[in-house]
Amino acid sequence: MKKNGFWIFLISTLLFSETAMAETVMKKLPAPVMTGGKPLMEAIAERKTIREFKAQDIDEQTLSEILWTAFGISHDGKRTIPTAMNQQNLKVYVVKNDGAWLYDAAGNTLTQITAENLQPLFATQDFMKNVPVNLVYVGSDEKYSPMHAGSAYQNVGLYAASKGMHSVVRGYFDNDKVTKALGLENGERAIVS
Ligand SMILES: Cc1cc2nc3c(=O)[nH]c(=O)nc-3n(C[C@H](O)[C@H](O)[C@H](O)COP(=O)(O)O)c2cc1C
């Protein structure tokens, strides 16, 4: 009896720790401020690739606004970018020092995919060693997802110009490694970051 009690205790402890380990880490972002910034024509004129970054964390307000411009919801459940047949075939992952996160626009949340720092996977150019945040645009529609990614990174480039921040779009990373690290499936692939 005593022995049985021990095993039941051990098994329930193991089950409990498994559950704790599998717990999803989710972060609520502050609401994006949808006003302000430079006028559109100035932002367009100033948008450019700048490959210089400071190794500092991005604040959550700015991250929320970047994600909203990239692929947030702005009208009738639809996005800040147009999408083919409104199928919204795009996902935006956030890669930072504290892991990789999936953006959920409806909830304005980030769900952690892994706590592993995947930044080194993207450090294929020297300036990438310092980037505070890396957005990875993922989709499964061969024809339209890349177009959606293009619209999203253009919005982000304009936001950056409007706020005096630096940004660059990159296709230079090992797609297979990124696909594996993000656990992508069902034909999804990382398009650009
Ligand atoms: C789809 C795409 C992929 C790109 N990939 C890279 C890249 O891997 N590395 C990089 O340094 N710049 C990359 N760029 C940035 C371009 O080099 C840059 O946009 C171009 O030189 C024009 O400069 P501008 O953005 O200042 O107008 C990429 C741009 C696009 C649109």
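Any read-out appearing in this document is the output of simple, stated calculations on the displayed coordinates, not a laboratory observation. Keep in mind the model is a prediction, meaning the values are calculated, not measured. Glycine also receives a Cβ, built like all others from the backbone with ideal geometry; neighbour counts cover every protein chain displayed.
In segment 86-193, which trypsin sites (Lys or Arg not before Pro) are in a loop and have at most 10 other Cβ atoms within 10 Å, using DSSP for the loop call? If you can, show how the numbers build up before the last one.
Values: sites: Lys91, Lys96, Lys129, Lys143, Lys163, Arg170, Lys177, Lys180, Arg189; in loops: Lys143, Arg170.
Taking segment 86-193 and a limit of 10 other Cβ atoms within 10 Å, the loop trypsin sites (Lys or Arg not before Pro) found are Lys143.
When the Gaussian network model of the chain links Cα atoms closer than 10 Å, the mean-square fluctuations of Asp104, Asp76, Asp174 top out at Asp76. Which is the longest part of the chain that has none of the GluC sites (Glu not before Pro) sitting in a DSSP loop with at most 15 other Cβ atoms within 10 Å? Result, exposed sites excluded: 53-115. Across all Cα atoms of segment 32-94, the radius of gyration (one decimal) and Dmax (whole number) stand at 14.0, 40 Å. Size descriptors for segment 125-169: radius of gyration and Dmax over Cα atoms are 12.2, 33 Å.
Please give the FRET efficiency for Lys38 paired with His75, using the beta carbon to beta carbon distance and R0 = 22 Å, rounded to the nearest 0.05. Before the final figure, lay out the partial values.
Numbers: r = 22 Å, r/R0 = 1.02.
That gives a FRET efficiency of 0.45.
Computed log10 I(q)/I(0) for the chain at 0.09, 0.17, 0.19 Å⁻¹: -0.38, -1.16, -1.45, from the Debye equation with unit scatterers placed on every C-alpha and solvent omitted. Using the Cβ-Cβ distance between Glu142 and Thr24 with R0 set to 30 Å, the FRET efficiency from 1/(1 + (r/R0)^6) comes to roughly 0.50.
The gain in end-to-end length when the Thr111 to Glu46 segment is fully stretched comes to 20.1 nm, 0.36 nm per residue minus the alpha carbon separation.
Under a model in which nothing but the beta-carbon of Lys, Arg (+1) and Asp, Glu (-1) is charged, the chain shows a dipole of about 80 debye around its Cα centre.
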